[in-house]
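Reading through the structure tokens given below for one structure.
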Amino acid sequence: MRRQFQNLFWVVCATFCAFVLYMTVLASAGAGQTVVVAGQAPDPTGRGEFSVATSQYRLPASVDPTIMTDRATEIWARVWWPKKEKLERLPLVVFLHGNHGTCGTFFCSVANCGRLIPLPNGPRIDDRIDYTFSGTCPLRGQGDPPAEFDYVVTPNHEGYAYLAEQLASRGFLVVSINANRGITAGPPQDFGTPGQPFIEDRGLNLARARLVLKHLELLSGWNRGIEATPASLGLSLQGAINFRNVVLVGHSRGGEGVRGAYNIYTGRNTDINPYGSINWKSLIADTVDFKGIFEIAPVDRQTVRTLNAEGTTWSVMLPGCDGDVINQQGLWVYDRMMKSFSETPARQKAFYYVLGANHNYWNTEWQFSDSSGCFNSAVQLFETDPATGVLPGVTGSAKQRTTGSASVLALARGVVNRADDDDSGFLTNFDPQFQLPAVVTSAARIQRGFIASPSSDVTQALEDFDQPTGTSQFGIPNQASNVVVEHVGVIEHGIPFTTRDAQLRRVPLPAFVRAGRITWQRAGADVFFQINLAGPGSGLDFSEFATLDFRLDRETPTRTPLNPVAPSNFHIQLVAADGTLFAPVSVSDYVSLNGPFGTPDADLTFINPAFPDGFHLNLQTARIPIDAFLSDKVSNIRAIRLTFDDTPTGKIYVTHFRGSSQGSSFVPFAERASESMGETPRAPRVIEQGNVIENVQFVPAAGAGVAAPAAGASGTVRLNVRTQTPIPVGNELPTMFIGSVGCDGSYVSGSTQRMVFECPAEDLSTAEGQPIKVRGNARTIWNFGNFSNTMVH
């Protein structure tokens with residue numbers, strides 16, 4: 001119960017907390033644009049209190065009919081654990097790598113690089129798969145065809161050590177599975193006859209799922225003491241694992257593999273024959289509770305099963321410059337689950353799109369870049385030689401690994417139940433209402449998609465553009481003024497791609513997402529699109545919603561010249577049953593509508609002009625607090641209006657409008673003109689009396705030797721303040737604003753009437769005369785007068 005309350009506390013803290021940090025400003029990817037956020041997501045990265053030990057277990061290869069009936073596979077994994085006096089009921093994180101070479105060499109051949117390049121320091125070139133079939137890798141002259149160089153086994157499972165060590169140092173048991181033998185790069189299992197194939201698992205991702213479940217079966221046996229832990233581990237796992245706290249992480253085909261393991265175990269989807277009759281719940285002695293699934297650049301629909309992840313917390317990380325899974329298949333899973341309205345239990349779903357990342361470099365053993373580069377080299381996180389795809393000595397990307405640590409650890413630490421550590425707030429890393437930690441924003445640009453849960457108990461679907469153009473999903477005619485609106489399937493979200501049935505016949509994929517594509521040629525108050533949810537004089541009740549969420553993106557630059565280089569903006573309003581407009585909200589306050597971004601590797605227009613052009617339409621999420629519309633009277637809303645009165649021209653997509661009961665309710669700090677049904681907007685409570693600035697001190701950076709903040713000064717300005725009206729304690733960082741400069745604060749004692757704030761001195765060089773304000777909850781401001789450099793000593 002305590003944990004359930006903590007999780008609820010984080011997602012609806014603005015509703016239930018007395019103090020909400022409300023005006024943190026994040027510099028967005030667009031030049032000069034800022035985005036208002038509800039608070040700061042915590043940094044989940046770094047080492048914890050424990051040192052870490054690691055070892056492996058590896059059993060002889062065999063034909064195990066619970067994994068595959070037609071070939072030998074192998075039970076092989078590396079384990080990391082915290083060095084502590086007793087290993088007892090540790091949460092378990094299981095990693096599964098994807099499809100990659102199983103044998104590698106430290107020479108780049110003429111075939112790979114255009115010339116022979118010795119690579120004694122790496123990267124290793126994994127261009128053979130002998131191990132998949134024989135369990136060995138060839139030396140020079142061995143194999144078929146004979147190897148040009150000596151080869152070693154590719155330890156595909158070792159590539160997540162940088163993640164595993166951080167998790168283990170915080171009390172997790174981490175197992176990374178090696179799927180090399182029989183599965184990785186192996187042929188699919190054909191249950192047909194010659195000339196009449198019957199292949200239901202083309203990517204062997206259901207086989208990967210069974211391999212995961214087999215490891216869980218063995219780990220459970222060792223945990224229960226049914227069998228002895230393999231001596232190679234050097235420790236006993238008896239009693240060490242809490243199977244009620246399991247997180248699965250899969251990369252590439254491993255993503256669909258872990259999603260398959262979740263589906264097969266929970267019965268949400270079935271395995272194929274002859275494996276469909278295996279009862280994994282009876283084979284695994286412990287009852288498994290999968291608290292979360294994290295997928296890294298996954299594939300989808302490589303089996304005849306459609307695998308989703310309802311009922312668990314799920315996130316997918318997508319690389320913007322993927323040269324392998326070029327069509328962003330991981331988004332298909334997110335797209336489908338946006339309509340999982342009966343999800344039980346309700347759990348958040350998210351995507352985490354990393355501009356400039358490639359497919360491989362989240363695994364440190366995948367050292368050859370898969371991508372030739374990005375359209376926009378300014379966002380690229382990796383180095384590569386376009387001619388060869390490799391630069392000798394370049395074996396990865398530290399920035400890309402940082403995004404992996406920040407996201408994978410956020411999910412794993414955020415979903416587990418641990419009595420000694422409250423980490424539920426880490427899930428806010430996936431919520432666009434919260435600013436990403438500096439460890440991420442200093443490394444890469446991220447776009448996020450998010451839904452608290454698609455369950456109708458949490459969100460209400462308002463518009464998915466499934467009806468013919470001109471009609472809302474409620475069957476009501478929409479309104480359009482000086483814009484062109486089309487209801488279309490969004491390219492790359494399923495269409496125009498195909499999958500295959502068991503007989504290997506091509507089957508067209510549906511449009512997993514339909515959207516409103518809106519084009520405008522001039523800006524103005526009379527340029528708008530209105531989604532009508534009800535007829536005139538009636539409406540829907542928005543009073544239980546915390547936020548209005550929707551997805552949006554711009555058309556690609558090869559398909560329209562209408563979008564500017566700078567980010568686009570428009571305004572959104574609610575429309576009352578009587579037609580009165582609520583206050584307009586600037587979309588750019590909540591999301592940066594720039595891009596899209598992508599890679600030439602994904603440009604398929606040479607096949608057909610209607611195919612994707614390499615720019616990815618991700619449709620990131622904007623979450624607008626209902627409070628931003630500046631009215632209490634939201635119980636009878638007829639429509640949502642999008643007014644294109646800012647950016648002069650544009651062509652964009654919008655979809656998946658949702659009213660969410662879970663989210664932070666706050667409005668931008670900057671004052672807005674109110675057009676809210678003729679009523680006075682709810683003014684915040686302003687506290688003027690009893691506020692004292694006790695001390696203002698300049699603290700120079702080490703060695704700076706500056707006596708006071710001046711232009712270019714390096715250091716901080718520390719303000720100690722006191723108030724007669726206590727500043728209530730909340731979950732977010734208390735913040736003072738001197739003009740637009742934000743300063744982090746903390747309490748100085750047990751009293752909530754005294755605080756200290758730290759401001760970047762460089763930012764205050766032009767703050768002379770600016771008002772000093774401390775924001776309490778969404779309704780309270782403490783004024784401390786105006787800033788002057790003469791205050792500083």
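The values are calculated or read from the model by the stated rules, or taken from the named source; none is laboratory data. Just so we're clear, the structure is a prediction, and the values are computed from it rather than from any experiment. Positions of Cβ are generated from backbone atoms using ideal geometry, with glycine treated the same way; all protein chains shown enter the neighbour counts. Areas reflect the complete protein model, heavy atoms only, side chains present, ligands, DNA and RNA absent. Shrake-Rupley method; radii C 1.70, N 1.55, O 1.52, S 1.80 Å.
Tabulated data for the structure shown
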{"read-out": "Qualifying residue in the stretch 455-463 (condition: at pLDDT 95 or above, touching a Phe, Trp or Tyr at 6+ places or on another chain (Cβ under 7 Å), assigned to a loop (DSSP other than H, G, I, E, B) and under 30 Å from ILE199 (Cα atoms))", "value": "no"}
{"read-out": "Yes/no for ASP322 being among the acidic types (Asp, Glu), in a helix (DSSP H, G or I) and within 19 Å of the chain's Cα centre (by Cα)", "value": "no"}
{"read-out": "Selected residue (only one of VAL439, VAL488 is surrounded by fewer than 18 Cβ atoms within 10 Å (Cβ to Cβ) and assigned to a helix (DSSP H, G or I))", "value": "VAL439"}
{"read-out": "Check on GLN380, in contact with an Asp or Glu (Cβ under 9 Å, 6 or more places away or on another chain), at pLDDT 95 or above and farther than 27 Å from VAL247 by Cβ", "value": "no"}
{"read-out": "Criterion (touching a Pro at 6+ places or on another chain (Cβ under 6 Å) and either part of a loop (DSSP other than H, G, I, E, B) or not aromatic (Phe, Trp, Tyr) (or both)) met by exactly one of ALA480, ALA523, ALA444, ALA534", "value": "ALA523"}
{"read-out": "Which listed residue, of ALA515, ALA534, is buried (at least 21 other Cβ atoms within 10 Å of the Cβ) and either more than 25 Å from GLY595 (Cβ to Cβ) or touching a residue at least 60 places away in the same chain (Cβ under 8 Å) (or both)", "value": "ALA515"}
{"read-out": "Flag for PHE545 being part of a strand (DSSP E or B), crowded, with 17+ Cβ neighbours inside 10 Å and of a type in the set (A, V, I, L, M, F, W, C)", "value": "no"}
{"read-out": "Complete set of residues in the stretch 203-245 that are among the charged types (D, E, K, R), over 20 Å from ILE278 (Cα atoms) and in contact with a Leu (Cβ under 8 Å, 6 or more places away or on another chain)", "value": "GLU227"}
{"read-out": "Test result for PRO648, within 17 Å of ASN569 (Cα to Cα), open to solvent by 10 Å² or more (accessible area, probe 1.4 Å) and out of contact with any strand residue (DSSP E or B) (no Cβ under 8 Å at 6 or more places or on another chain)", "value": "yes"}
{"read-out": "Residue satisfying condition, being under 23 Å from GLU49 (Cα atoms) and modelled with pLDDT under 95, within set ASN429, ASN417", "value": "ASN417"}
{"read-out": "Residue check for GLU165: within 26 Å of the chain's Cα centre (by Cα), of a type in the set (D, E, K, R) and closer than 30 Å to ARG301 by Cβ", "value": "no"}
{"read-out": "Residue in the stretch 556-573 that is crowded, with 21+ Cβ neighbours inside 10 Å and at positive phi present", "value": "no"}
{"read-out": "GLY260 being closer than 21 Å to VAL333 by Cβ, out of contact with any Leu (no Cβ under 7 Å at 6 or more places or on another chain) and at pLDDT 95 or above", "value": "no"}
{"read-out": "Unique residue being assigned to a loop (DSSP other than H, G, I, E, B) and open to solvent by less than 10 Å² (accessible area, probe 1.4 Å) when the list is ASN358, ASN308", "value": "ASN358"}
{"read-out": "Hits in the stretch 233-281 (condition: touching a Gly at 6+ places or on another chain (Cβ under 6 Å), surrounded by fewer than 24 Cβ atoms within 10 Å (Cβ to Cβ) and closer than 14 Å to ALA209 by Cα)", "value": "THR270"}
{"read-out": "Extreme residue, nearest to ASN360 (Cα to Cα), among residues of the stretch 108-163 that are open to solvent by less than 10 Å² (accessible area, probe 1.4 Å), touching a Phe, Trp or Tyr at 6+ places or on another chain (Cβ under 6 Å) and aliphatic (A, V, I, L, M)", "value": "ILE125"}
{"read-out": "Test: residue in the stretch 191-209 that is closer than 24 Å to GLN367 by Cβ and assigned to a loop (DSSP other than H, G, I, E, B)", "value": "yes"}
{"read-out": "Selection within the stretch 575-632 - in a strand (DSSP E or B), open to solvent by less than 10 Å² (accessible area, probe 1.4 Å) and farther than 30 Å from PRO496 by Cβ", "value": "VAL575, ALA576, VAL585, ARG623, ILE624, PRO625"}
{"read-out": "Hits in the stretch 454-485 (condition: open to solvent by 30 Å² or more (accessible area, probe 1.4 Å) and touching a His at 6+ places or on another chain (Cβ under 6 Å))", "value": "THR469"}
{"read-out": "Long-range neighbours under 7 Å by Cβ, at least six apart or interchain, first residue of a type in the set (D, E, K, R) within the stretch 461-474, second exposed (fewer than 14 other Cβ atoms within 10 Å of the Cβ) and not in a loop (DSSP other than H, G, I, E, B)", "value": "none"}
{"read-out": "Yes/no for ASN223 being touching a Phe, Trp or Tyr at 6+ places or on another chain (Cβ under 9 Å) and either under 23 Å from GLY330 (Cβ atoms) or in a loop (DSSP other than H, G, I, E, B) (or both)", "value": "no"}
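Condition check ((1) assigned to a strand (DSSP E or B); (2) over 16 Å from ASP286 (Cα atoms); (3) of a type in the set (Val, Ile, Thr)) across all residues:
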residue	(1), (2), (3)
GLN238	no, no, no
PHE243	yes, no, no
GLY257	no, yes, no
ARG268	no, yes, no
ASP271	no, yes, no
